[in-house]
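I have placed the structure first, in the form of structure tokens, so that the comments after it can refer back to it.
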Amino acid sequence: QVQLVESGGGLVQPGGSLGLHCAASGRFFSIVAMRWYREAPGKQRELVAAITDGGPTSYVDSVKGRFTISRDSAQNKVYLQMNSLKPEDTAVYYCNADVRTTIWDRPDGYWGQGTQVTVSS
């Protein structure tokens, strides 16, 4: 069983910074890609940032230049550094990973439990 555990959320003032962490644990062969999603009240869950095992990253337009996703493949961790935060960044942030359980398996998607980020003065 694969588990993803997020940490690092909290309350921050507009213009401030927060860093989110996500660690994968369990028995698996490899992690193909890791992503951060967010879900604000009354809105659909949206993809915020993604990073593959080879390193290419992608971001939703609203966070480009402010958020940075990075990955420690050896430790099976992914990070999201969020700078210049805005009230509209308020949401529950979820870690997502495509995990190959064995070398013969196709990747399956796993989710963390989510961590709340609130941007407010």
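Among the residues of region 3-25, are any more than 17 Å from residue 71 (Cα to Cα) and without any contact (Cβ under 8 Å) to a residue 40 or more places away in the chain? Break it down into steps so the answer makes sense when it comes.
Applying the first criterion (more than 17 Å from residue 71 (Cα to Cα)) to region 3-25 yields 9-17.
So of that shortlist, the ones also without any contact (Cβ under 8 Å) to a residue 40 or more places away in the chain come out as none.
The answer is no; no qualifying residue exists.
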- Task: State whether the residues of region 80-89 include one that is buried (at least 21 other Cβ atoms within 10 Å of the Cβ), under 10 Å from the mean Cα position of the chain (by Cα) and more than 16 Å from residue 18 (Cβ to Cβ).
- Result: no
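Would you mind finding the one in 50, 74 that is over 23 Å from residue 13 (Cα atoms), among the small types (Gly, Ala, Ser) and either touching a Phe, Trp or Tyr at 6+ places or on another chain (Cβ under 9 Å) or open to solvent by less than 40 Å² (accessible area, probe 1.4 Å) (or both)?
The unique qualifying residue is 50.
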- Taking residue 44 and the conditions (1) modelled with pLDDT of 95 or more; (2) under 21 Å from residue 14 (Cα atoms); (3) loosely packed, with under 13 Cβ neighbours inside 10 Å, which numbered condition does it fall short on, given that it satisfies the others? (2)
- Task: Output the residues belonging to region 21-41 that are assigned to a loop (DSSP other than H, G, I, E, B) and modelled with pLDDT of 95 or more.
- Result: 40
- On the given criteria, is residue 74 more than 25 Å from residue 42 (Cα to Cα) and among the hydrophobic types (A, V, I, L, M, F, W, C)? yes
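Looking for something open to solvent by 60 Å² or more (accessible area, probe 1.4 Å), assigned to a loop (DSSP other than H, G, I, E, B) and of a type in the set (Gly, Ala, Ser) - is there at least one such residue anywhere in region 5-15? Break it down into steps so the answer makes sense when it comes.
Taking region 5-15 and keeping what is open to solvent by 60 Å² or more (accessible area, probe 1.4 Å), we get 5, 11, 13-14.
Within this subset, residues satisfying the condition of being assigned to a loop (DSSP other than H, G, I, E, B) are 13-14.
Next, only the ones that are of a type in the set (Gly, Ala, Ser) stay: none.
No, because not a single residue in region 5-15 is open to solvent by 60 Å² or more (accessible area, probe 1.4 Å), assigned to a loop (DSSP other than H, G, I, E, B) and of a type in the set (Gly, Ala, Ser).
Yes or no, residue by residue, for (1) open to solvent by less than 60 Å² (accessible area, probe 1.4 Å); (2) in a loop (DSSP other than H, G, I, E, B); (3) without any contact (Cβ under 8 Å) to a residue 24 or more places away in the chain; (4) farther than 13 Å from residue 8 by Cβ:
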site	(1), (2), (3), (4)
65	no, yes, yes, yes
68	no, no, yes, yes
78	yes, no, no, no
98	yes, no, no, yes
102	yes, yes, no, yes
109	yes, no, yes, yes
116	no, no, no, no
121	no, yes, no, yes
- So which pairs qualify, if the first residue must be in region 38-54 and on the phi > 0 side of the Ramachandran plot, the second must be open to solvent by less than 20 Å² (accessible area, probe 1.4 Å) and small (Gly, Ala, Ser), the Cβ gap must be under 9 Å, and the two must be at least 6 apart or on different chains? none
- Query: (1) of a type outside the set (Phe, Trp, Tyr); (2) part of a helix (DSSP H, G or I); (3) at pLDDT 95 or above: which one isn't true of residue 74, the others all being true?
  - Reply: (3)
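The values are calculated or read from the model by the stated rules, or taken from the named source; none is laboratory data. Note that the structure is predicted; figures quoted are calculated from it, not measured. Note that we place each Cβ from the backbone using ideal geometry, even for glycine, and neighbour counts take in every protein chain shown. For the accessible areas, the whole protein counts, side chains as well, though only heavy atoms, and no ligand, DNA or RNA atoms are used. Shrake-Rupley method; radii C 1.70, N 1.55, O 1.52, S 1.80 Å.
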